[in-house]
Amino acid sequence: MLTCAQKKYLYAIYKLGSLSPRVSSTRVSDIVGVSKASTVKMTKRLCEDGYIIKEPYGRITLTDIGVREANAIYTNSLIVRDFLINRVGVGEDNADKDSVIMAAQLTEETVKKLTDMAIGGNDA
């Protein structure tokens, strides 16, 4: 099971990878809001766990399992973002930040129930 921190890194790599094929540790550090040293440690761990491939001094690429996990986090964050904006009334900037945090922190059950509420418009 991925930790909250791992989910945030996968989300950042996924998002950056959708904008450019060249994902660097520095860009990931900026998105996650940590030092480059912390990013180096986490990317090593994600490599060891099979979620990413990191070329020495080069780009970071998600593996197939990394893409699946990151896509799930990204999709959940979009649904939670929409829920925060349209059902709760949170502003877009805060919803952008908070949805990623929520998608990374919350249990799968809670995210699923929020997703069901956002899609179905009912009170789960």
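Loop-only chymotrypsin sites (Phe, Trp or Tyr not before Pro) in region 25-124, please: DSSP not H, G, I, E or B, and at most 13 other Cβ atoms within 10 Å.
Those satisfying the criteria are Tyr57.
Over region 25-107, average the accessible area per residue using a 1.4 Å probe and give it in Å², no decimals.
Ligands and nucleic acids excluded, the result is 60 Å² per residue.
Separation between the Thr26 and Arg45 pseudo-spin-labels, each 7 Å from Cα along Cα→Cβ, expressed in nm?
2.5
Could you derive backbone 3J(HN,Hα) for region 57-70 from the dihedral phi with the Karplus parameters 6.51, -1.76 and 1.60 (θ = phi - 60°), listing whole Hz in sequence and x where the residue is Gly or Pro?
Once θ is set to phi - 60°, the couplings for region 57-70 become 6, x, 7, 10, 10, 6, 7, 4, 5, x, 5, 4, 5, 5 Hz.
Can you pull the Kirkwood radius for region 1-58, inverse mean 1/r over Cα pairs, to one decimal in Å?
11.3
With +1 on each Lys and Arg Cβ and -1 on each Asp and Glu Cβ, and nothing else charged, work out how big the dipole of the chain is about its Cα centre, in Debye to the nearest 20.
Magnitude of the dipole: close to 540 debye.
Go ahead and run the numbers for FRET between Glu55 and Thr110, Cβ-Cβ distance against an R0 of 35 Å, rounding to 0.05.
0.45
Can you list the HN-Hα couplings for region 28-40, worked out from phi with the Karplus curve (6.51, -1.76, 1.60; θ = phi - 60°), rounded to whole Hz and with x for Gly and Pro?
Those phi angles translate into 5, 4, 4, 5, 6, x, 10, 6, 4, 4, 5, 5, 4 Hz.
For the chain, what does -39500 (n - 2.57) per DSSP helix run (n ≥ 4), summed and divided by total residues, give at 222 nm, in deg cm²/dmol to the nearest 500?
Helices in the chain give a 222 nm mean residue ellipticity of -22000 deg cm²/dmol.
Amide H of Leu62: which non-local residues (sequence gap of 5 or more, or other chain) have their own amide H closer than 5 Å, using H built in the peptide plane?
Hits under the 5 Å cutoff: Ile53.
Taking every Cα atom in region 71-124, find the radius of gyration and the maximum pairwise distance Dmax, and write them in Å.
In order Rg, Dmax, the Cα atoms of region 71-124 give 10.0, 26 Å.
Starting from the Cα of Val88, step 7 Å along the direction of its Cβ; do the same at Ser35; then give the gap between the two resulting points in nm.
According to this spin-label approximation, the distance is 3.2 nm.
At q = 0.17, 0.21, 0.22, 0.23 Å⁻¹, what is the base-10 log of I(q)/I(0) for region 5-124 according to the Debye formula with one equal point scatterer per Cα and no solvent? Please give it to two decimals.
-0.82, -1.11, -1.18, -1.25
A 26 angstrom limit on the alpha carbon distance is what I want to check against. Which of Lys7/Lys36; Lys54/Lys113; Lys15/Lys112; Lys8/Lys112; Lys41/Lys97 exceed it?
Lys54/Lys113
The values are calculated or read from the model by the stated rules, or taken from the named source; none is laboratory data. Keep in mind that this is a model prediction, so the values were computed, not measured. Neighbour counts are summed over all protein chains in view; Cβ atoms, including those assigned to glycine, are modelled from backbone coordinates with ideal geometry. SASA here: full protein model, heavy atoms, side chains in, ligands and nucleic acids out. Shrake-Rupley method; radii C 1.70, N 1.55, O 1.52, S 1.80 Å.
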